[in-house]
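In what follows, a single structure is set out as structure tokens and then discussed.
The values are calculated or read from the model by the stated rules, or taken from the named source; none is laboratory data. Model, not experiment: these values are computed from the prediction. All Cβ positions, even for glycine, are placed from backbone atoms using ideal geometry, and neighbour counts span all protein chains on display. When the accessible area is computed, the model is the full protein with side chains, heavy atoms only, and any ligands, DNA or RNA have been set aside. Shrake-Rupley method; radii C 1.70, N 1.55, O 1.52, S 1.80 Å.
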Amino acid sequence: MSATTRSRTPDRLCAEAVDLARAAAEEAAAPGVVGEHAGLVSEGDRVVTHFFECKEMGYRGWRWAVTVARASRAKVVTLDETVLLPGTDALLAPEWVPWSERLRPGDMGPGDLLPTDAEDLRLEPGYSGEDEPAPNAPISEEMAQLAEAEDAEITPQAPAALPLVPSRGSIASVAEELGMRRARVLSRYGLHVAADRWEESYGAKTAMAQAAPATCVSCGFLNPVGGSLGQAFGLCANEFSPADGRVVSLSYGCGGHSEAAVMPAPARPAPPVIDETRVDPFPLRPSPDSGSVPVGPDGSASEYGHS
């Protein structure tokens, strides 16, 4: 019980070593950033940590923590460590976020590599990767046996005796032969995410499309794309269009439409009619009786009549 009490009660000599702790904090910090003494705490028997305010810009609420200690039965206090620690109301950096969650479209630069996650929802297996075809695959077991029989007829010996057993009939070999051997392809989710992103950037709701004379579906610069995306998107090939080289929605449009020159011009108001056969007189001086106040015989104006 006494040991616990001693550990909670600051050692007198260590608690009085404020000047030693301040000198250590000023040596570790830049000049003029160590503020007033902000208290102390007992770390154990004859071990005390002194706190000093930090006046350095950008470290609001931080404190310099200097730990001092002394040996048993010794009267000399020595320095243990000096460190800058945040207080209860300290300004802290936001929680670290993995790069995969911080990355945004357009952040990649030349030479940057972006590895995809093995469980990326935007991708799905392009082929099974198994040597044996699936039961419902076009290349069934019967077809595989037929392929092996054909190999046996054209080879000088049985396929099993060859240095390399033929791989005909495997899904991987067929996919490679057809040029389709991709480990993963876009899933339906990946297609929908891409379609939403393209529709937001180059779709019917953009300001450019709202002011366009017509949509891209009737533009000659639209290059169609294959697959299911071709039903709603295409590739713009107009170098003067703001969407040149971009995947655009068929409902998008811009002022670079191929038929913009032959489209009927909007109706304009008729020009004003000028009658050049009639002359309107414009006197240099106003007529004497044109004003609201009559002119007297002597040419002077009459009384206005105001009270």
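Odds and ends about this structure:
- Some residue of the stretch 54-65 being in contact with a Pro (Cβ under 7 Å, 6 or more places away or on another chain) and either modelled with pLDDT under 90 or closer than 22 Å to ALA93 by Cα (or both): yes
- Taken residue by residue, the stretch 13-22 has no member that is open to solvent by 70 Å² or more (accessible area, probe 1.4 Å) and closer than 30 Å to LEU121 by Cα.
- Residues in the stretch 53-93 that are exposed (fewer than 12 other Cβ atoms within 10 Å of the Cβ), of a type in the set (D, E, K, R) and within 19 Å of ALA15 (Cβ to Cβ): ARG73, LYS75.
- In the condition set (1) exposed (fewer than 15 other Cβ atoms within 10 Å of the Cβ); (2) at pLDDT 90 or above; (3) not charged (D, E, K, R), LEU121 is compliant with all but (2).
- Pairs linking a residue in the stretch 14-35 that is free of Cβ contacts under 8 Å to residues at least 24 places away in the same chain to a residue that is among the β-branched types (Val, Ile, Thr), with Cβ atoms under 7 Å and 6 or more positions apart or on different chains, are GLU26/VAL34.
Okay, residues lined up against (1) without any contact (Cβ under 8 Å) to a residue 12 or more places away in the chain; (2) assigned to a helix (DSSP H, G or I); (3) open to solvent by 70 Å² or more (accessible area, probe 1.4 Å):
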residue: LYS205; (1), (2), (3): yes, no, yes
residue: ALA212; (1), (2), (3): no, no, no
residue: GLY230; (1), (2), (3): yes, yes, no
residue: GLY234; (1), (2), (3): no, no, no
residue: GLY245; (1), (2), (3): yes, no, no
residue: GLY255; (1), (2), (3): no, no, no
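- Of the residues making up the stretch 171-203, just one is open to solvent by less than 50 Å² (accessible area, probe 1.4 Å), at pLDDT 75 or above, in a helix (DSSP H, G or I) and not aliphatic (A, V, I, L, M), namely GLY190.
- Among the residues making up the stretch 38-52, those that are in a strand (DSSP E or B) and crowded, with 16+ Cβ neighbours inside 10 Å are LEU40, SER42, GLU43, VAL47, VAL48, THR49, HIS50, PHE51, PHE52.
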